[in-house]
1. Tell me, what % of the accessible area of the chain is carbon and sulfur with a 1.4 angstrom probe?
2. Can you give the calculated 222 nm mean residue ellipticity of the chain, where each DSSP H run of n ≥ 4 adds -39,500 (n - 2.57) and the sum is split over every residue, rounded to the nearest 500 deg cm²/dmol?
3. Who wins for biggest fluctuation among V101, V142, V60 in a Gaussian network model of the chain, springs between alpha carbons below 10 Å?
4. Once the convex hull of the alpha carbons of the chain is built, what does its volume come to per residue, in cubic angstrom?
5. When Lys and Arg each count +1 and Asp and Glu each count -1, what net charge do the other residues less than 14 Å away from I110, Cβ to Cβ, add up to?
6. Mind pulling the angle between the C-alpha long axis of helix 67-89 and the longest principal axis of the chain? Nearest 10 degrees, somewhere in 0 to 90.
Amino acid sequence: MTTETLFRTHLILGYVAWLLCFGAYVWPRLGVMDRLEAHRAIATLHSFRFFGLVFILPGVVSPDLPASFANFAAWGDFATGVLAMLALLSVRIRALFWLFVVAFNLVGVIDLVVDYYDAIQVGLPAHAEWLASTYAIPVIYVPLLMITHVTAFYFLARPRVSAGAVGLAGAA
């Protein structure tokens, strides 16, 4: 099996595994949470995206990893993480909280979509060795990030549920 086929298989199975886990354990809990609390939970996960700076940390990834991929991936993750942290810090100022929730989700999705595009353009699936120890990020961590971004947009788009309805749904 080629490196490219293995990489793509890992990526697809990363999505499958996270969707199964998400559907069984996360979605049922997020779905009955207060809207603000659900977004806080998602923001907490994304606040760790400062870790993406590892793509530009010398000695961690291969020097052959194209800078065009590494720089955007690193700084896009960093920006998303900082925006998620700002959302968490501003939770008491609701208008600011919601602004940062929208911002970190928009920046985060754009980052991931551009990273996928850039990875294809530079031939990353065929050269997974360029990622070295960071290989787990795109195949394990990124699927969860994309799934939670989609979930956040779903929660932003759906009508607000009254507190009484949330309580009844949680008791069911």
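The values are calculated or read from the model by the stated rules, or taken from the named source; none is laboratory data. Given the structure is predicted, the values throughout are model-derived calculations rather than measurements. All Cβ positions, even for glycine, are placed from backbone atoms using ideal geometry, and neighbour counts span all protein chains on display. Side chains included, ligands, DNA and RNA excluded: accessible areas come from the protein's heavy atoms. Shrake-Rupley method; radii C 1.70, N 1.55, O 1.52, S 1.80 Å.
1. On the way: 6720 of 9170 Å².
For the chain, the apolar C and S fraction of the accessible surface comes to 73 percent.
2. Numbers: 7 runs with 112 residues, N = 172.
Here the helix-only value at 222 nm equals -21500 deg cm²/dmol.
3. It is V60.
4. Looking at the chain, the number lands at 107 Å³ per residue.
5. Computed value for this residue: -3.
6. 20 degrees
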